[in-house]
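Written below as structure tokens is the structure these notes are about.
The values are calculated or read from the model by the stated rules, or taken from the named source; none is laboratory data. These numbers come from a predicted model, not from an experiment. For neighbour counting, all protein chains shown are included, and Cβ atoms are generated from backbone atoms with ideal geometry for every residue, glycine included. With ligands, DNA and RNA removed, areas are computed over all heavy atoms of the protein, side chains included. Shrake-Rupley method; radii C 1.70, N 1.55, O 1.52, S 1.80 Å.
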Amino acid sequence: MVEHYLSILRDKETDHINFKFCLDKVSYLIASEVFSSLSVKRINIETPIKKTKGFQINDDVILLPILRAGLGLLTGFMELFPKVRTGHIGLYRNEETLEPIKYYYRFPAIKDKRKVFIIIVDPMLATGGSTAYTIKQMLENGYRKIAVASLLAAPEGINHINKQFKSLEQQITIYTCSLDEKLNELGYIVPGLGDAGDRLFGTI
Ligand code: PRP
Ligand code: URA
């Protein structure tokens, strides 16, 4: 199913209506994979027939979409587990240096940071600059359990993140649907799908 929707998303003829439709569908598939690493606790339950054991999710899950394109992957996460809360970070890439520039940040109030599981959500991991910036901000704010949910990644971006955070005690897991070939000279993923934010919001 991922390959099916990914192929439609990559197709340059796909309009923003179908792009949003397909990204929504893939977001459920990515979310179920990322959620498989949530911690759970055993609980007692009673069916209409008998007492038995079940599970309850133990993590306080915070989604952190990187604006704009990160918004396009939220549906699956929010629908599968409505208890999640959502912060927002607004970053855009300087077109020449490709460095991320922050223009917005809002994060939920947290009582116990140890229970928080942060899921950084952005369909595109290109140079890795935007994701690395966000991971760094989360680490500086004292969060330790961090995952990244992406649709497409470039090897350059994955290497950048691995290098930048390799000395950490904890693992930062990156989930992606495709490790593409490379970046082009403008910092776009090849073959990629073009500019995810523009294609999602019809701003091309
Ligand atoms: C895109 C994309 C990522 C970023 C990835 O955002 O949504 O956030 O680029 O590139 P990087 O790995 O090289 O940092 P963009 O800056 O185009 O902003 P937008 O989502 O508002 O269009
Ligand atoms: N951001 C995008 O939206 N697409 C790319 O290929 C790279 C960064």
Given (1) open to solvent by 40 Å² or more (accessible area, probe 1.4 Å); (2) away from ligand 2 (no atom under 16 Å from the Cβ), where does Arg68 come up short, assuming only one miss? (2)
All but one of (1) within 11 Å of ligand 1 (Cβ to nearest atom); (2) touching a strand residue (DSSP E or B) at 6+ places or on another chain (Cβ under 7 Å); (3) not β-branched (Val, Ile, Thr) hold for Leu186; which doesn't? (2)
Would you check if there is a residue in the range 177-200 being more than 16 Å from ligand 2 (Cβ to nearest atom) and under 13 Å from the mean Cα position of the chain (by Cα)? no
Restricting to the range 73-87, and then to whatever is open to solvent by less than 70 Å² (accessible area, probe 1.4 Å) and farther than 16 Å from Val148 by Cβ, can you tell me which residue is farthest from ligand 1 (Cβ to nearest atom)? Phe81
Pairs under 7 Å by beta carbon, first residue among the charged types (D, E, K, R) in the range 188-204, partner in a loop (DSSP other than H, G, I, E, B) and within 8 Å of ligand 2 (Cβ to nearest atom), six or more apart or different chains? Arg199/Leu193
Selection count where residues are part of a helix (DSSP H, G or I), within 13 Å of ligand 2 (Cβ to nearest atom) and of a type in the set (A, V, I, L, M, F, W, C), scope the range 152-167: 0
Please return the ranges of strands (runs of 3 or more DSSP E) entirely within the range 1-86 where 1 or more residues are in contact (Cβ under 8 Å) with a residue 24 or more places away in the chain. 51-57, 60-67
For the range 189-198, indicate whether the set of residues that are farther than 19 Å from Val34 by Cα, open to solvent by 50 Å² or more (accessible area, probe 1.4 Å), not hydroxyl-bearing (Ser, Thr, Tyr) and not in a loop (DSSP other than H, G, I, E, B) is non-empty. no
It is to be established whether one or more residues within the range 98-113 are within 16 Å of ligand 2 (Cβ to nearest atom), within 20 Å of Gly192 (Cα to Cα) and in a loop (DSSP other than H, G, I, E, B). yes
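Look at Thr176 and say whether it is exposed (fewer than 13 other Cβ atoms within 10 Å of the Cβ) and within 14 Å of ligand 1 (Cβ to nearest atom).
No; evaluated as a whole, the condition is false for this residue.
Condition check ((1) open to solvent by 40 Å² or more (accessible area, probe 1.4 Å); (2) within 9 Å of ligand 1 (Cβ to nearest atom)) across all residues:
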{"position": "Glu96", "(1), (2)": "yes, no"}
{"position": "Ile101", "(1), (2)": "yes, yes"}
{"position": "Phe107", "(1), (2)": "yes, no"}
{"position": "Arg114", "(1), (2)": "yes, no"}
{"position": "Phe117", "(1), (2)": "no, no"}
{"position": "Asp122", "(1), (2)": "no, yes"}
{"position": "Gly128", "(1), (2)": "no, yes"}
{"position": "Thr131", "(1), (2)": "no, yes"}
{"position": "Lys136", "(1), (2)": "yes, no"}
